[in-house]
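Q: What follows is a structure written as structure tokens; I'll ask about it next.
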Ligand SMILES: Cc1ncc(COP(=O)(O)O)c(C=O)c1O
């Protein structure tokens, strides 16, 4: 195990009490992130962008420093980072704020998390059509199918980067080329890749990218952000208007602040965002390349260990899943497996539909109530995966009767 990993485990005492394999839901928060938040509450707990007194100015500067760090980390400009409370809110910000006209269509793969599906499905009432593109049996989209689906009604292509239910990594760069060549908007849901692998917003060619703060980036819950490319910022109509979003108001009209302020109405999650800034520092201190390398190796190890057990079914292609292994034990409900893992070895995995019912149906796992999903981060070890595999094997023998 690397030194930084040892520090990371020391920085998350919770990891000594259990085997945490649910990074795809949220990650435990390291001490330096907690300290950054406590520092705010203890020493400069004031609102931002408002007061002229020193404490308020300090809070504002720390908050904007977090934006600066995040922008650098994803290779964007600072005004292209809009804070939200999670990935879902970032996606809804786009679906609610973008102007669509009746007859426009949106292209979306059939394995999306509900958060990158329902916000678009919800536009059906306005006459916006969804074109749902079937992925292969491993839940991977073929960019050629996206290309074929594009026509003059296409307004937006949206896709997840890594499927939360299957772990499959989508060809987001090729899809970005399709969007660019056809001059349509492009959105990426980076909920499962941010903080797990090197990610350059500009290289994706995406107009919009939704990020969680509380998953791979190791930030606190209640944080997320939307990257919105400068060139398309004006196409978004702010929905959450009020304090902090305007530069002038008359009885008849108002003038919006430039982005990102126009999108960040009301008091923000100041401590959370300052914590997220500290979390990005922390991830950078470990090194994103190191995290990615560890994840690639450990995911394959986990896939092999689980798939090697009789009576188990693994979903996704070994060579293409990242950070996530979704599996089942034959004839056992996924929740039962997860419950037993927790009861006998304190192993935390998620089970069920993972907020992705169409994806689970696509891989044919609905008969077992969904899948068991083990998801990792840099703090997870080979030893933990061995314990997971041994325990799954024990349960599978019991299931076999
Ligand atoms: C691919 C994907 N998109 C969106 C979301 C929603 O994320 P959040 O809980 O940050 O809104 C998740 C959460 O697991 C996800 O995995």
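Q: To the nearest 10 degrees, how steep is helix 87-97 against the longest Cα principal axis of the chain, on a 0 to 90 scale?
A: On a 0 to 90 degree scale, this one is about 40.
Q: For the chain, calculate the relative contact order in percent as a whole number, restricting contacts to Cα pairs under 8 Å that are 6 or more residues apart.
A: Worked out over the chain, it gives 22 percent.
Q: On C-alpha positions alone, give me the angle between the axis of helix 288-307 and the longest principal axis of the chain, in degrees, nearest 10.
A: For 288-307 against the chain, the angle is about 30 degrees.
Q: What percent antiparallel are the DSSP beta bridges of the range 32-285, to the nearest 5?
A: 45
Q: Let me know the shape class of the chain, please: from the alpha-carbon gyration tensor, a ≥ b ≥ c as square roots of the eigenvalues, rounded when a/c is under 1.5, otherwise prolate if a/b is greater than b/c, or oblate.
A: Verdict is oblate for the chain.
Q: Working from Cα positions, state the angle (0 to 90°, nearest 10) between the long axis of helix 172-181 and the longest principal axis of the chain.
A: Computed tilt is about 40 degrees.
Computed from the coordinates by the stated procedures, all read-outs in this text should not be read as laboratory data. Everything quoted here is computed from the prediction, not taken from an experiment.
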